[in-house]
Amino acid sequence: MLLLVCFPLLIHMAKLIILLSLVSLSFGFLAFAFEPSPLQDFCVADPSSSAKVNGLACKNPALVQASDFSFSGLHLAGNTSNPNGSKVSPVSVAQVPGLNTLGISMVRIDYAPWGINPPHTHPRATEILTVIEGSLQVGFVTSNPGNSLITKTLQKGDVFVFPVGLVHFQRNVGTGHAVAIAGLSSQNPGVITIANAVFGSNPDFSNDILAKAFQVDKSVVDQLQAKF
């Protein structure tokens, strides 16, 4: 009789243990999907080290200085005299060694009138952008098969989020200079500009592949590859 009473309870407990185990595994995989939390106060990057790690080796803490954690110059406008009419000024681990292992960085983006930050992705980071000056049309495209364009026009003080890995862009839709500041969830978010990657690869993609992929004549592909 005792066994009959306890058996449903044992089944329930077994299901609960399995559920908790699956939840724990899910959080474990999520943790491994992003940069790990540091196990010390800081790990200032030592670019002179030959050690091969996921990131950069740590500088001797006794040699760390305030300059390892600071950067000056983000108040200066970037040079937008280029075909895109924009300039990205990064503040990542390359500029601030103290960002190593901390999983965060930022950029300043300047836009000439009607300038664009062309479609690109950050393979290792979500981006959150704030308009400091001007008006920007921004947007990202969802993954296959939907490929939905999520877009909005932002004004000064507005914020927009670009999910990790998705193709996104910004365009100045005003007649004056525009500025944005963006934070990224990686010390080294990386950037893949779609046009550069596809038409400017080294060595070139076969024009047969690109002509078929974009459904255009090979001569169009040749012209685009020549530009990049």
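The values are calculated or read from the model by the stated rules, or taken from the named source; none is laboratory data. The model shown is predicted, which means the values in this text are computed figures rather than measured ones. Cβ atoms come from the backbone with ideal geometry, glycine included; neighbour counts cover every protein chain shown. For accessibility, only protein heavy atoms count, side chains too; no ligands or nucleic acids. Shrake-Rupley method; radii C 1.70, N 1.55, O 1.52, S 1.80 Å.
Residues considered: GLY103, GLY73. Of these, the only one that is surrounded by 19 or more Cβ atoms within 10 Å (Cβ to Cβ) and part of a loop (DSSP other than H, G, I, E, B) is GLY103. Selection of the stretch 124-149 for residues being over 14 Å from the mean Cα position of the chain (by Cα), assigned to a loop (DSSP other than H, G, I, E, B) and crowded, with 18+ Cβ neighbours inside 10 Å yields GLY134, SER135.
Return the total of residues in the stretch 162-179 being in a loop (DSSP other than H, G, I, E, B), of a type in the set (A, V, I, L, M, F, W, C) and under 19 Å from the mean Cα position of the chain (by Cα). The number of residues fulfilling the criteria is 3. Can you report the number of residues in the stretch 108-123 which are among the aromatic types (Phe, Trp, Tyr) and open to solvent by 10 Å² or more (accessible area, probe 1.4 Å)? Residues in the stretch 108-123 being among the aromatic types (Phe, Trp, Tyr) and open to solvent by 10 Å² or more (accessible area, probe 1.4 Å): 1 in total. A residue that is free of Cβ contacts under 8 Å to residues at least 12 places away in the same chain, among the aliphatic types (A, V, I, L, M), surrounded by fewer than 17 Cβ atoms within 10 Å (Cβ to Cβ) and in a strand (DSSP E or B) cannot be found anywhere in the stretch 152-161.
Among the residues of the stretch 55-68, those identified as under 21 Å from MET106 (Cα atoms) and touching a Pro at 6+ places or on another chain (Cβ under 8 Å) are LEU56, ASP68. The set of residues in the stretch 180-217 that are touching a Ser or Thr at 6+ places or on another chain (Cβ under 8 Å) and part of a helix (DSSP H, G or I) contains only ILE194.
For the stretch 76-100, the set of residues classified as part of a loop (DSSP other than H, G, I, E, B), open to solvent by 20 Å² or more (accessible area, probe 1.4 Å) and within 22 Å of LYS152 (Cβ to Cβ) consists of ASN84 only.
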